[in-house]
Amino acid sequence: MDSFSEPYTRQGDDISLDAVRADIRSLEQQLRDSNIPLSGRVLHICHYLPVTATLNTRAGVLSPPPTPPITPADASADPSPKSDTPIWTLAPRYGHAAMISGIQSLSTTHEQLIIGWTGDILSPTQNEHISTDTVGLKDRAALDEALAAYQPKESDPDDDRKITYVPVWLDDKVAHGHYDGYCKQTLWPLFHYLLWQDVATEYASADSHYPYYESANAAFARKIAEVYRPGDLIWVHDYHLLLLPRLVREAIPDVVLGLFVHTPFPSSEIFRCLPRRKEILDGMLGANLICFQTYSYSRHFTSTCVRVCGYETTPRGIDVEGHVTSVMHCPVGVDAERVGRDIKRPGIQPKLEALRTLYEGKKIIVGRDKLDIVKGVLQKLRAFEKLLQDYPEWIGNVVMIQVTSPALTDSPKLERIVSELVAHINGEYGSLDFIPVHHYHQTLKKDEFYALLSVADLAVITPLRDGMNTTSMEFVIAQGEQGKNSPLVLSEFMGISKHMDDALLVNPWNLGDVAAAINRGLLMSPAEKAQRQAKLYKVVTTHTSHTWAAVLVKMLLGLVDGQGQARMTPYIPKEELCAAYERAGREGGRRLFLFDYDGTLAPIVKTPSMAIPSPSTLEALERLSADPRNLVYIISGRDGAFLEQHLGHLKNVGFRCALPSCPRSLTPPFLPAHAAFRDARLTRFGLVCSAEHGGFVRMPGSTEWVNFTENLDMEWMGEVAEIFRYYTERTTGSHIETKKSSITWHYRGSDPEWGQFQCRQCQDLLENNLAHKRPIEVLVGKKNLEVRPIAVNKGEIVKRILYQNPDAQFVFCAGDDKTDEDMFRALLLFPPGTTEVTMPAPLSVTLVDGQDAPPVKLAIRPDAVFTTAVGHSSKRTLASWHVTTPQEVVDHMLELVNGCKSNL
């Protein structure tokens with residue numbers, strides 16, 4: 001967020017898989033030494049299992065070809081099974097080879113579970129499937145047994161570290177409404193910079209399939225909860241399961257979970273068109289870590305969270321009510337060793353020689369893409385036509401072999417347009433003995449595919465948007481194995497383009513530039529080819545799918561530590577709270593209640609004046625303060641006028657607030673006579689007021705405000721105000737709030753990203769040029785930047801309250817933001833192993849009452865101090881307990897005044 005420049009993603013090209021695995025072992029040992037449980041298991045949550053299942057005991061119903069395409073080679077063609085035929089026949093599901101190979105590679109170090117949808121249940125009869133409603137519990141249990149014994153063809157038969165496959169059963173309507181509906185008709189186009197109406201063949205609705213998406217994600221969450229063990233690491237893969245992280249965290253609050261998005265992620269202006277944008281983003285932000293293919297995608301996601309949802313970013317990630325989600329990027333690679341072996345298969349060389357003979361004397365340009373609108377096949381063909389127009393010397397000397405494999409969603413219209421364009425080019429530039437474009441709409445066998453990559457003089461891969469494209473990497477490996485070093489033309493809109501910047505990068509929409517790049521590639525000198533190929537080969541063979549998978553585990557482990565994001569603050573126990581409250585009452589001790597206001601007693605709202613207390617909040621405060629054994633303080637940055645308006649009738653409640661004014665007729669004689677104080681308004685008699693982070697306090701029964709700052713150097717306020725004015729002039733929507741002992745710059749009304757950028761620039765200027773010269777501290781709040789005296793904060797006023805009430809035997813303190821951490825820190829009274837504490841006079845006492853204030857012994861016990869953070873359990877806090885919402889704070893207080901009968 002600080003910079004919009006893309007970092008050098010190739011740093012660390014020489015990283016080795018062994019080095020990453022050594023780091024993982026070191027991290028795991030450190031965690032075990034810290035008594036943090038690790039199960040040694042990694043759970044991978046994928047849309048579907050990498051296995052197809054054929055139920056041999058049931059006839060199917062006619063259906064269209066399964067999606068995605070599969071090769072049920074092992075399925076019997078005979079619909080009536082023989083007696084020795086197994087109940088289930090399993091076969092590999094083709095697709096997502098890079099992801100699956102990465103997962104499989106982790107089996108050398110961790111136990112692997114792949115949790116995924118079963119896919120359509122196949123019938124032995126070709127192109128028929130079986131409804132999941134008709135698959136009984138016995139057959140489902142038999143599938144579990146078959147999956148337990150299943151081993152992929154390429155696995156080592158002697159390897160006992162098998163992957164465990166866990167099926168998720170979905171109703172057919174839910175499964176296809178989820179995948180063919182919401183995923184493919186709404187999310188997939190959106191993530192590739194298309195809206196649903198751009199790809200729909202009929203009336204388009206972005207929301208019609210969302211209930212199926214919800215249901216499918218919920219089914220996955222239930223399955224995870226069944227198999228989860230403490231210490232498991234969980235990786236959720238891709239856009240099919242974006243709601244899942246939050247659902248899992250709700251079921252397993254201390255889960256350590258990462259989300260990897262394999263697709264591109266669009267800019268905020270595209271994503272904000274999605275009707276369910278907040279639900280999707282909140283679902284994703286349930287993860288500890290979200291990882292994308294590139295820095296650009298991660299930046300788009302962060303920007304979307306800030307602009308669309310108004311969430312704040314920190315150096316650690318995106319903060320949602322205290323739960324911080326880290327955002328990183330790590331490109332996926334291919335299994336370079338396997339591809340290298342496959343290219344040397346004996347069946348490839350004869351096909352390679354046949355292609356050379358067929359196109360002898362001509363340069364061969366190769367392209368292989370799914371026939372999909374975002375793959376840019378049309379633009380590529382038009383660029384090839386532009387090549388023949390601008391460089392006519394290539395007519396008769398170059399051919400393009402374009403293979404288009406069937407896409408997951410067929411588009412007859414696109415297929416027709418491509419065929420017409422191919423016919424046009426061949427008719428315009430071809431002859432009886434020369435056909436410039438050879439288009440094959442089919443799925444190539446592996447030998448044919450690798451022979452095509454090996455024979456090519458140039459590969460052109462120019463999608464309009466794409467995440468990872470394995471063809472480009474396989475081309476580099478094929479060229480390296482053959483020693484041919486043919487160059488590569490890549491679209492700059494691919495996720496791997498920055499990772500492979502020694503290719504010829506082009507904008508696929510600029511036909512002239514693509515044609516020029518093709519011409520350059522065909523004429524490139526052998527020396528330049530070799531130089532570019534060597535660099536590309538190093539990238540592709542170093543950043544492999546195995547390295548990618550290991551890095552994901554390493555990144556997730558890096559978030560699991562005693563001080564890290566995976567640390568959970570436990571929920572406040574009502575039983576213990578009630579017992580301590582009633583024990584203090586029986587023993588005659590005081591009970592202290594210390595509350596922040598915004599975010600603690602009232603929800604955070606965009607317009608601060610609308611954060612009014614609810615009836616239940618008023619009831620809780622009034623009933624608590626009515627008990628003479630209770631002292632209730634509201635320690636807020638709010639101004640006194642606001643608190644007087646909404647809480648002034650509570651005579652026994654004390655305030656610590658940003659007092660802006662007191663009525664002239666009630667101005668205490670000891671206060672400064674400047675206009676701000678002459679215009680001040682006092683709250684009601686008997687209210688304890690502590691203003692401006694402890695700068696001003698008024699105790700019960702007094703009309704006087706005690707000024708803690710009159711002995712401090714406050715000349716710095718003018719210098720800070722000048723700096724704030726500079727940033728206010730340059731940040732539309734920002735403003736300055738000046739109080740008696742602090743000054744705050746607010747940017748809630750400005751552009752969220754620009755405001756945050758300006759805030760960080762201003763913070764840097766203040767900390768590096770002013771803070772070390774003056775007795776001040778700089779605090780970053782919620783959409784604001786505050787400067788205050790070092791000695792004046794919420795922690796100091798809490799210390800003063802404790803010092804003046806040493807007989808207190810119960811303390812409840814609640815807050816929600818960074819300034820409230822001062823209160824929690826002040827209440828860390830007991831060093832380990834101690835149960836008694838003597839408190840020296842705090843600064844907030846010596847400043848006002850003199851330097852000779854003696855230490856006091858406190859009556860409080862460690863188990864009677866309840867510091868409570870409002871927000872997510874994973875937020876970093878010094879508090880011992882947490883609640884989720886302000887209403888829960890109020891509910892707990894009402895429990896106390898009602899006698900806690902429901903809990904005792």
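The values are calculated or read from the model by the stated rules, or taken from the named source; none is laboratory data. Everything numeric here is computed off the predicted structure, so don't read it as measured data. So basically every Cβ, Gly included, is an ideal-geometry build from the backbone, and we count neighbours across all protein chains shown. The protein model used for the area step is the full one, side chains on, heavy atoms only, and it has no ligands, DNA or RNA in it. Shrake-Rupley method; radii C 1.70, N 1.55, O 1.52, S 1.80 Å.
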Looking only at the stretch 398-429, count every residue that is open to solvent by less than 60 Å² (accessible area, probe 1.4 Å) and not in a helix (DSSP H, G or I) and tell me the total. 12
Within the stretch 599-636, restricting to residues that are assigned to a strand (DSSP E or B) and in contact (Cβ under 8 Å) with a residue 60 or more places away in the chain, the one that is most open to solvent (accessible area, probe 1.4 Å) is LEU631
Hits in the stretch 162-187 (condition: farther than 22 Å from ARG41 by Cα and among the aromatic types (Phe, Trp, Tyr)): TRP169, TYR179, TYR182
Being modelled with pLDDT of 90 or more and of a type in the set (Phe, Trp, Tyr), is that true of even one residue in the stretch 280-293? yes
Before we move on, is SER63 at pLDDT below 90, out of contact with any Phe, Trp or Tyr (no Cβ under 9 Å at 6 or more places or on another chain), under 27 Å from LEU137 (Cα atoms) and open to solvent by less than 60 Å² (accessible area, probe 1.4 Å)? yes
Residues of the stretch 209-261 satisfying the condition of being among the β-branched types (Val, Ile, Thr), within 25 Å of GLN293 (Cβ to Cβ) and in contact with a Phe, Trp or Tyr (Cβ under 9 Å, 6 or more places away or on another chain): ILE234, VAL236, VAL248, VAL255, VAL261
What number goes with the only condition from (1) touching a residue at least 60 places away in the same chain (Cβ under 8 Å); (2) surrounded by fewer than 21 Cβ atoms within 10 Å (Cβ to Cβ) that GLY116 does not pass? (2)
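Let's see how each residue does on (1) open to solvent by 30 Å² or more (accessible area, probe 1.4 Å); (2) under 37 Å from the mean Cα position of the chain (by Cα):
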| site | (1), (2) |
| --- | --- |
| HIS439 | yes, no |
| LYS446 | yes, yes |
| SER454 | no, no |
| LEU464 | no, yes |
| GLN482 | yes, no |
| SER486 | no, no |
| MET494 | no, yes |
Consider THR835 carefully, then state whether it is buried (at least 20 other Cβ atoms within 10 Å of the Cβ), touching a helix residue (DSSP H, G or I) at 6+ places or on another chain (Cβ under 7 Å) and assigned to a loop (DSSP other than H, G, I, E, B). no
Would you confirm whether or not the stretch 430-438 contains a residue that is part of a helix (DSSP H, G or I), touching a residue at least 12 places away in the same chain (Cβ under 8 Å) and out of contact with any Pro (no Cβ under 8 Å at 6 or more places or on another chain)? no
For the stretch 734-753, give me the residue count where each residue is surrounded by fewer than 18 Cβ atoms within 10 Å (Cβ to Cβ) and at pLDDT below 90. 6
Exactly one of ILE797, ILE790 is open to solvent by less than 10 Å² (accessible area, probe 1.4 Å) and on the phi < 0 side of the Ramachandran plot, and that one is ILE797
Residues being part of a loop (DSSP other than H, G, I, E, B), in contact with a strand residue (DSSP E or B) (Cβ under 8 Å, 6 or more places away or on another chain) and not hydrophobic (A, V, I, L, M, F, W, C): count how many of those fall in the stretch 439-464. 6
Considering each residue of the stretch 573-598, count those that are surrounded by fewer than 23 Cβ atoms within 10 Å (Cβ to Cβ) and part of a loop (DSSP other than H, G, I, E, B), and give that number. 4
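Going by what's in this entry, would THR867 be described as modelled with pLDDT of 90 or more and in contact with a Cys (Cβ under 6 Å, 6 or more places away or on another chain)?
When the stated conditions are applied, THR867 passes them.
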Count of the stretch 499-515 residues which are in contact with a Ser or Thr (Cβ under 8 Å, 6 or more places away or on another chain) and either open to solvent by less than 60 Å² (accessible area, probe 1.4 Å) or in contact (Cβ under 8 Å) with a residue 24 or more places away in the chain (or both): 7
For the stretch 12-38, which residues satisfy the criterion of being open to solvent by 40 Å² or more (accessible area, probe 1.4 Å), modelled with pLDDT of 90 or more and touching a Gly at 6+ places or on another chain (Cβ under 7 Å)? LEU27
With the stretch 709-812 as the region, which helices (runs of 4 or more DSSP H) entirely inside it contain at least 2 residues that are under 30 Å from ALA853 (Cβ atoms), among the basic types (Lys, Arg) and more than 28 Å from the chain's Cα centre (by Cα)? 794-804
Of the residues in the stretch 338-397, those that are open to solvent by 40 Å² or more (accessible area, probe 1.4 Å), over 21 Å from ALA478 (Cα atoms) and either at pLDDT 90 or above or in a loop (DSSP other than H, G, I, E, B) (or both) number 10
Considering only residues that are open to solvent by 10 Å² or more (accessible area, probe 1.4 Å), of a type outside the set (A, V, I, L, M, F, W, C) and more than 13 Å from HIS47 (Cα to Cα), which ones fall in the stretch 224-259? GLU226, TYR228, ARG229, PRO230, GLY231, ARG246, ARG249, GLU250, PRO253, ASP254
